[in-house]
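Take a look at the structure set out below.
The values are calculated or read from the model by the stated rules, or taken from the named source; none is laboratory data. Keep in mind the model is a prediction, meaning the values are calculated, not measured. Cβ sites come from the backbone with ideal geometry, for glycine too, and all protein chains shown count toward neighbours. Remember, those area values only see protein heavy atoms, side chains included, never the ligands or the DNA or RNA. Shrake-Rupley method; radii C 1.70, N 1.55, O 1.52, S 1.80 Å.
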Amino acid sequence: MIKLILLRHGQTNWNKEGRYQGQIDTDLSPLGEEQASKLALALKPLKIDYFIASPLKRAYETACKSAKYHDLEVIKDERLLEINHGTWEGKLSSEIDEDLLRLWKSAPHLVKMPNGENLDDILARVKLALDEYLTKYDGKTIAVFAHDAVNKVLLAYVLGLELSSFWNITQDNTCINVLELSKDFTKIITLNNTSHLGYLFTDEIQKGL
């Protein structure tokens, strides 16, 4: 059994602009830096044994802000990389093929990004990572810092949901998810918690974070 604290990175300027980032290594925005600092303070009182993050700067730097309070290094895990959006990366929705975008919004499990990945590709690497964590960190609490699509796929998997439920899961910037997991058991403690940012969930004004 492990206690998994699953987190999303802080805001980037591309998040704010609505650009597809994928595996392009964007920086945290000033607001993202502030969010990461508030997240670090929220995690400070907890006993966390290991910090693990996607190697992309927005996730790794968010993790480092929290890890410093625990005197721990952040372990980079490439299996946590955001979905490869292929030719969509760096583009706004208005610059993407309308038919494929419509399918992505309605049936994401059926879409493979042009020159990129699909949700099954994410699931394959997330499964490998999680299986390793369950064995390597048995009895420990681990904080895992990743990305919107990665978190949604991981949560769908451990909750026994189909990948078609992708859009039924919300992951706001620096949200906190806490689960207890074993190979045959999942206990949900909290999902998409952003109370450390001063609000419980993203409202209309805060969309795009």
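Figures for the structure shown
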{"item": "Square roots of five times the Cα gyration tensor eigenvalues for the stretch 1-118, Å", "result": "30, 16, 12"}
{"item": "Anisotropy class of the stretch 114-209 from Cα gyration tensor, a/c 1.5 cut", "result": "oblate"}
{"item": "Bins of 10 Å from zero: percent of alpha-carbon pairs in the chain", "result": "9, 37, 38, 15, 1"}
{"item": "Under 12 Å from Lys76, Cα to Cα: aspartates and glutamates that are on another chain or at least 8 residues apart", "result": "Glu61"}
{"item": "Heavy-atom surface of the chain, accessible at 1.4 Å and reported per residue (Å²)", "result": "47 Å²"}
{"item": "R0 of 35 Å, Cβ-Cβ distance Lys44-Leu128: FRET efficiency to nearest 0.05", "result": "0.70"}
{"item": "Angle in degrees between helix 30-43 and the longest Cα principal axis of the chain, rounded to the nearest 10", "result": "30 degrees"}
{"item": "Scattering curve values for the stretch 145-189, log₁₀ I(q)/I(0), Debye with Cα scatterers, q = 0.25 Å⁻¹", "result": "-0.98"}
{"item": "Solvent-accessible ranking of Cys64, Cys175, largest area first, probe 1.4 Å", "result": "Cys64, Cys175"}
{"item": "Percent breakdown of C-alpha pair distances by 5 Å bin, ordered from the shortest bin, for the stretch 28-96", "result": "3, 16, 21, 20, 17, 10, 7, 4, 2"}
{"item": "Members of Lys16/Lys47; Lys38/Lys68; Lys91/Lys152; Lys65/Lys91 lying beyond 24 Å, as alpha-carbon distances in this model show", "result": "Lys16/Lys47; Lys65/Lys91"}
{"item": "Check: the chain dipole with +1 on Lys, Arg Cβ and -1 on Asp, Glu Cβ, in debye", "result": "540 debye"}
{"item": "Accessible carbon and sulfur surface of the chain relative to its total accessible area, %, 1.4 Å", "result": "51 percent"}
{"item": "Loop-resident sites, the stretch 1-57, for trypsin sites (Lys or Arg not before Pro), counting at most 13 other Cβ within 10 Å (DSSP)", "result": "Lys47"}
{"item": "Label-point gap, in nm, between Thr186 and Asp25 - each point 7 angstrom along Cα→Cβ", "result": "3.2 nm"}
